[in-house]
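Chemist: Would you mind keeping the following structure in view while I ask a few things?
The values are calculated or read from the model by the stated rules, or taken from the named source; none is laboratory data. Quantities reported herein were computed from a predicted structural model and do not represent experimental measurements. Areas reflect the complete protein model, heavy atoms only, side chains present, ligands, DNA and RNA absent. Shrake-Rupley method; radii C 1.70, N 1.55, O 1.52, S 1.80 Å.
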Amino acid sequence: MSETKQLIVGVDVGGSKINAVLADADGHIEARSSADTLADEGPEAVIGRIVEAISQLISGVEVTGIGIGSAGSYDAERGAVSFSPNMPGWHNIPLRDIIQREFGLPTCLQNDCTLAALGEHRFGAGVGVDNLVYVGLGTGIGGGIIADGQVYTGTSGAAGEIGHMIIDVNGSPCKCGSYGCWENFASGRAVAQEAVRQMEAGVPTAIRRYAGRDVNKVTAQTVFQAAQDGDYIAHEIISRTAYYVGVGLVNVVNIFNPELILIGGGLSKMGSLLLDHAIEVVRERAFGISAKAVRIELAQLGDDVVALGAVALVLQKKCGTDEGE
Ligand SMILES: [Zn+2]
């Protein structure tokens, strides 16, 4: 439609990495830049690295807008990151306006998992699907919702915090201040913690070896490696995690009656070892009509899902205080 190719910058500001892409309106990535977030150095240093990543992409090209995805909660009206659990010092940082002023380009900000849903909806496994939920199984659990073809963000922009649905009212404390949340049972952190608990109880398992005999180096990834190589305990831990992934998905299915649930995040790399059992639980426990209607699949856009979702956000022209058209 347009005379010249439209190019957009999408940035994913994560707790450990900043991933920026330059993409066209079809989601084809033309260039990329990335940096370690080094969140401990505080907001000013991180913003400097975001600006640097964007600068690298836009020098010499015409860009129509910048989209940014960030973890944590944000103030939709002010385009500010109100709080980000993995980024110390991020309280009410008006990131959208800072970037907009720096580059003089329309800039949008949105929660990262909401953008992941939007990215998959526009460019990935969710094209043509009007009702879908993206479930990011990472260190924690995040979610993004597309309802009737539109992003659903709720009254305050905080919808989709599915990681904090309560699975056990008497469960252990969660980072959010509540107890027994889903991410205490089905996240990467939960996998690692359960492995450490078993190791410290003296249960014989090869996980120790994969973590270089250092409990602090146990991650969901090391547990997965041990399971793939036949370690019984590692297998048990993943099987239990898969069960709890399924339990949470039952709730998601019963609440949203989606056509599609897309599973992304680090744990999704476990593939069928995790998903098969989780899907079984959904088939057994969710409302029949909804369980029958839903497909549960792996997300497609991998590590670029949030950055491409940010590109899609700019294409929707929902950039708050846009000055561009
Ligand atoms: Zn919680």
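Chemist: Between the helical axis of 43-58 and the dominant principal axis of the chain, each derived from Cα atoms, what acute angle in degrees is found, rounded to the nearest 10?
Modeler: Computed tilt is about 60 degrees.
Chemist: A further question on this structure: Using Stokes-Einstein with the Kirkwood hydrodynamic radius over Cα pairs, what translational diffusion coefficient do you get for the stretch 125-174 at 10 °C and a viscosity of 1.306 mPa s, in µm²/s rounded to a whole number? If you can, show how the numbers build up before the last one.
Modeler: Numbers: Rh = 12.4 Å.
The Stokes-Einstein estimate is 129 µm²/s.
Chemist: Kirkwood Rh, the stretch 52-127, all Cα pairs: how many Å?
Modeler: Values: mean 1/r = 0.0743 Å⁻¹.
The Cα-based Kirkwood calculation yields 13.5 Å.
Chemist: Counting only Cα atoms, I'd like the Rg/Rh figure for the stretch 263-314, Kirkwood definition for Rh. Can you show the working numbers first?
Modeler: Numbers: Rg = 13.9 Å, Rh = 12.7 Å.
Reported Rg/Rh, Kirkwood definition of Rh: 1.09.
Chemist: Let me confirm the definition first: pairs of Lys residues in the chain, 8 or more apart or on different chains, C-alpha distance under 24 Å. How many are there? Walk me through the intermediate numbers first.
Modeler: Working: Lys5/Lys317; Lys5/Lys318; Lys17/Lys175; Lys17/Lys217; Lys17/Lys269; Lys175/Lys217; Lys217/Lys269.
Value for the chain: 7.
Chemist: With a/c under 1.5 counting as rounded, go ahead and sort the stretch 199-325 into rounded, prolate or oblate using the C-alpha gyration tensor (a ≥ b ≥ c being the square roots of the eigenvalues; past the cut-off, prolate if a/b is larger than b/c, else oblate). Don't jump to the answer; show the numbers that get you there.
Modeler: Values: a/c = 3.16, a/b = 1.48, b/c = 2.14.
Oblate, because a/c is 1.5 or more while a/b does not exceed b/c.
Chemist: Report in % the part of the accessible area of the chain that belongs to carbon and sulfur, leaving out ligands and nucleic acids; probe 1.4 Å. Can you show the working numbers first?
Modeler: Values: 7180 of 14940 Å².
Summing carbon and sulfur atoms, their accessible area is 48 percent of the total for the chain.
Chemist: Here is a follow-up. Would you mind calculating the relative contact order of the stretch 158-207 from Cα pairs under 8 angstrom and at least 6 residues apart, reporting the percent as a whole number? Please list the in-between numbers first.
Modeler: Values: 41 pairs, mean separation 11.8, N = 50.
Over the stretch 158-207, the number comes to 24 percent.
Chemist: Could you work out which residue, out of Asp148, Asp24, Asp130, moves most in a Gaussian network model of the chain, that is, has the largest mean-square fluctuation with Cα springs under 10 Å?
Modeler: Asp148
Chemist: In Å², what does the accessible area per residue of the stretch 20-111 work out to with a 1.4 Å probe? The partial results should precede the final answer.
Modeler: Details: 4100 Å² over 92 residues.
Here the per-residue accessible area is 45 Å².
Chemist: With a ≥ b ≥ c taken as the square roots of the eigenvalues of the C-alpha gyration tensor of the stretch 1-149, please select rounded if a/c is under 1.5 and otherwise prolate if a/b is larger than b/c or oblate if it is not? Don't jump to the answer; show the numbers that get you there.
Modeler: Values: a/c = 1.68, a/b = 1.07, b/c = 1.57.
Oblate, since a/c reaches 1.5 and b/c is not below a/b.
Chemist: Here's another thing I want to ask about it. Just from the alpha-carbon atoms, what are the Rg and Dmax of the stretch 128-299 in angstroms?
Modeler: That works out to 16.4, 51 Å for Rg and Dmax.
Chemist: Sorted from largest to smallest, which semi-axis lengths in Å does the alpha carbon gyration tensor of the chain give for its equivalent ellipsoid, taking the root of 5 times each eigenvalue? Before the final figure, lay out the partial values.
Modeler: On the way: eigenvalues 230, 105, 64 Å².
So the equivalent ellipsoid measures 34, 23, 18 Å along its semi-axes.
Chemist: Contact order normalised by length for the chain, with contacts defined as Cα pairs under 8 Å and 6 or more residues apart; what percent is it?
Modeler: On the way: 699 pairs, mean separation 64.4, N = 325.
Computed value for the chain: 20 percent relative contact order.
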